[in-house]
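The values are calculated or read from the model by the stated rules, or taken from the named source; none is laboratory data. No experiment lies behind these values; they were computed from the predicted model shown. So basically every Cβ, Gly included, is an ideal-geometry build from the backbone, and we count neighbours across all protein chains shown.
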Amino acid sequence: MKKLLIALGFVALTSTGRTLYFGQGDDDTGGCPDGTWDDGYGGCTGGGYYCANDYQCAAGCWCDSASGTCVESGYCSGDAECTPGTTCDEERQSCTGSGGACTADADCPFGSYCDEPSGVCIPSWTCTSDTECGTGYTCQDGTCVPLPCTSDEDCAAGCYCDPTTGGCVESCYCTSDTEATGAGWGWCDEDRNTCMPGDDPTPTCEELTTSADCAARADCESVYRGLNCTDPVSGAACDEPGANCECESFVFDSCRTPGL
């Protein structure tokens, strides 16, 4: 996919005369103090030339996000052509010190996002709008990144929330556990028609301990126990309610799967 790189203003040159930066930031909103610039990521950076990611630097350079400056590194077609401590961003044909480690999306090559818990850049795909990203992803700064979430309900059907990354992950649609396991997933969240990883956390009927919980499950039936039961003919005590056993009252005893 071709990318459009826009020069925002002046350019800076290396000692060899090569262009190092694509341009200077611009604070159109006036939200940053004098002498600083909008970095395009919701913050302000020092005045003059700066970068927030590698794609704001010329080919053959990479962005040192710690200092916000472009660093000349050289061209490449593979990692072997880069100096120790740098890797080849083959899409830009440039050695980059961003490597695979990151603390924020800006540390990753364009078309990747940062999995902050692991500190690793995850390859994704480029975009100009949310519609170009898959379900559970959004377009952010030209890269498809997982939607943020704190629970599965925050994600669209066909996606679940990964608690380690705090992002929605695409799985598959289902109507039963059989469909989910057949597709290589652990179980089906039938309320959301979504394939889920791991073991089904839904308790079995036998694990339910209250009448309300059992009654709320269409696949379960409640078992009741009689109190003060007697045989109406003999007056003798009996245990099971029926034609020859009458009880003063009944209480919930257990929940079971019908037919078992």
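Here are some notes:
- Qualifying residue in segment 232-243 (condition: closer than 30 Å to GLU190 by Cβ and either hydrophobic (A, V, I, L, M, F, W, C) or in a loop (DSSP other than H, G, I, E, B) (or both)): no
- Residue list for segment 183-231, filter: exposed (fewer than 11 other Cβ atoms within 10 Å of the Cβ) and part of a loop (DSSP other than H, G, I, E, B): GLY184, ASP191, GLY198, ASP199, PRO201, ALA216, ALA218, ASP219
- Applying the set (1) in contact (Cβ under 8 Å) with a residue 60 or more places away in the chain; (2) in contact with a Cys (Cβ under 8 Å, 6 or more places away or on another chain) to GLU190 leaves exactly one unmet item: (1).
- Some residue of segment 220-239 being modelled with pLDDT of 90 or more and either assigned by TED's automatic domain parsing to the domain that holds CYS159 or in contact with a helix residue (DSSP H, G or I) (Cβ under 7 Å, 6 or more places away or on another chain) (or both): yes
- Where a residue in segment 211-240 is closer than 22 Å to CYS255 by Cα and its partner, wherever it lies, is in a helix (DSSP H, G or I), with Cβ under 6 Å and at least six apart: CYS220/CYS205; CYS220/CYS214; SER222/SER211; SER222/CYS214
- Filter pass, GLU246 being loosely packed, with under 12 Cβ neighbours inside 10 Å and on the phi < 0 side of the Ramachandran plot: no
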